[in-house]
Amino acid sequence: MTIRAHGLTKRYGGKTGKTVVDDLTFTVEPGTVTGFLGPNGAGKSTTMRMLLGMDTPTAGRATIGGRAYATHPAPLTEVGALLEAKAVHPGRTAFHHLTALALTHGIPRSRVEHVLDLAGLTEVADKRVKGFSLGMGQRLGIAAALLGDPATIILDEPVNGLDPEGVLWIRTLLKSLAQQGRTVLVSSHLMSEMALTAEHLVVIGRGRLLADTTVTDLVRESGAAYVKVVTPEADRLRALLTTADIDIDRPAGETPDTLHVRGLDAPDIGRIAAASGLPLFELTPRTASLEQAFMDLTHDSVEYQAATKPSAGVAA
């Protein structure tokens, strides 16, 4: 089922209050893992709450499979969601928590046992949730999201608290769900993990849409990729390469012989240097990371900017 946000807006305090989500429109299609990214305070959790009918939009609407979440006759079997892993009665066991949810939709006990096993919680199924670690709580929340075997899965920061094995598990699980044709929307602050898990990205900042694109295209278009060039004739090479479409800088911390070139690939740089008889000691393409592309895209949307250098009296 397709997720659609149509001009979603959420404002607190009336017309003069704070706008948390601002005219947000995007689509999440089945068959792919879509990463939902943004700095702290960007409006991701509020948007997810509106998608699930937990917050009422000030304007716009959200649909899942063409209808509002609250109008689905058996929502647990249509949409599985994890927004807050700790939203569980601490005195219940994992088994009883999932069983209580299952009974609301006529889901059999065999499905409860299946998702406990899927989440690696079978051995602690009879343990009270108040004794669970953060990672175990995340696993239980994901098990609950999958309980109704839904076609759509919405997860907010699902890898929080998971150990490396757990992170690998959730990455493999999300890809498997998408390969089955399900719709998967997942938020995360871990760019390295999103680069390995998601194919499509919706990026927001200060409640507004910044990008709705593939991971590959976002990284390629970010301008974060460059070619590292080391030559004793750096000034001459720079003069040869400088055009309106090529950006060249001498990075801090590198030797004076080092240039970072954007807008021209390594073979072309090599040919230009060779034609002028300039020696090259290094000519290395450096691929941009999703993290750097994300940082560049959201730089002006970060709510709180940290200092880039330690201030006086603070150890580096």
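Each value in this text was obtained by applying a stated rule to the coordinates, not by laboratory testing. Because the structure is a prediction, the values reported are computed rather than measured. We place every Cβ from the backbone using ideal geometry, glycine too, and count neighbours over all the protein chains shown.
What the table shows:
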item: Pairwise Cα inverse-distance average, inverted: Kirkwood Rh of the stretch 3-220 (Å); result: 17.8
item: Summed side-chain charge close to Ser187 - residues other than Ser187 whose Cβ falls under 14 Å, Lys, Arg +1, Asp, Glu -1; result: -2
item: Neighbourhood net charge (12 Å Cβ-Cβ; Lys/Arg +1, Asp/Glu -1) for Pro57; result: +1
item: Spherically averaged projected area in nm², based on the convex hull that wraps the Cα atoms of the stretch 25-94; result: 6.6
item: Potential lengthening between His89 and Leu103 on full extension [0.36 nm per residue; Cα-Cα distance subtracted]; result: 3.4 nm
item: Vicinal HN-Hα couplings computed from phi for the stretch 60-66 (Karplus, 6.51 cos²θ - 1.76 cosθ + 1.60; Hz; Gly/Pro x); result: x, 8, 10, 10, 10, x, x
item: Gyration tensor (Cα) of the stretch 94-143, equivalent ellipsoid semi-axes in angstrom; result: 18, 11, 9
item: Choice from Asp22, Asp300, Asp149 with maximal GNM fluctuation in the chain (Cα, 10 Å cutoff); result: Asp300
item: Built amide H within the under 5 Å cut-off of Gly205, gap 5+; result: Leu210
item: Förster radius 45 Å - calculated FRET efficiency between Thr213 and Ala274, Cβ distance, rounded to 0.05; result: 0.80
item: Cα-projected label distance for Ser176 with Thr63, points at 7 Å along beta-carbon direction, nm; result: 3.3
item: Extended-chain gain in nm, criterion 0.36 nm per residue less alpha-carbon gap, Glu113 and Thr77; result: 11.3 nm
item: Residues in the stretch 235-271 that a label on Arg286 would reach, taking backbone N under 12 Å of a point 7 Å out along Cα→Cβ; result: 249-255, 258-262
item: Close Lys-Lys pairs in the chain, where close means Cα under 25 Å and separation is 8 or more or interchain; result: 11
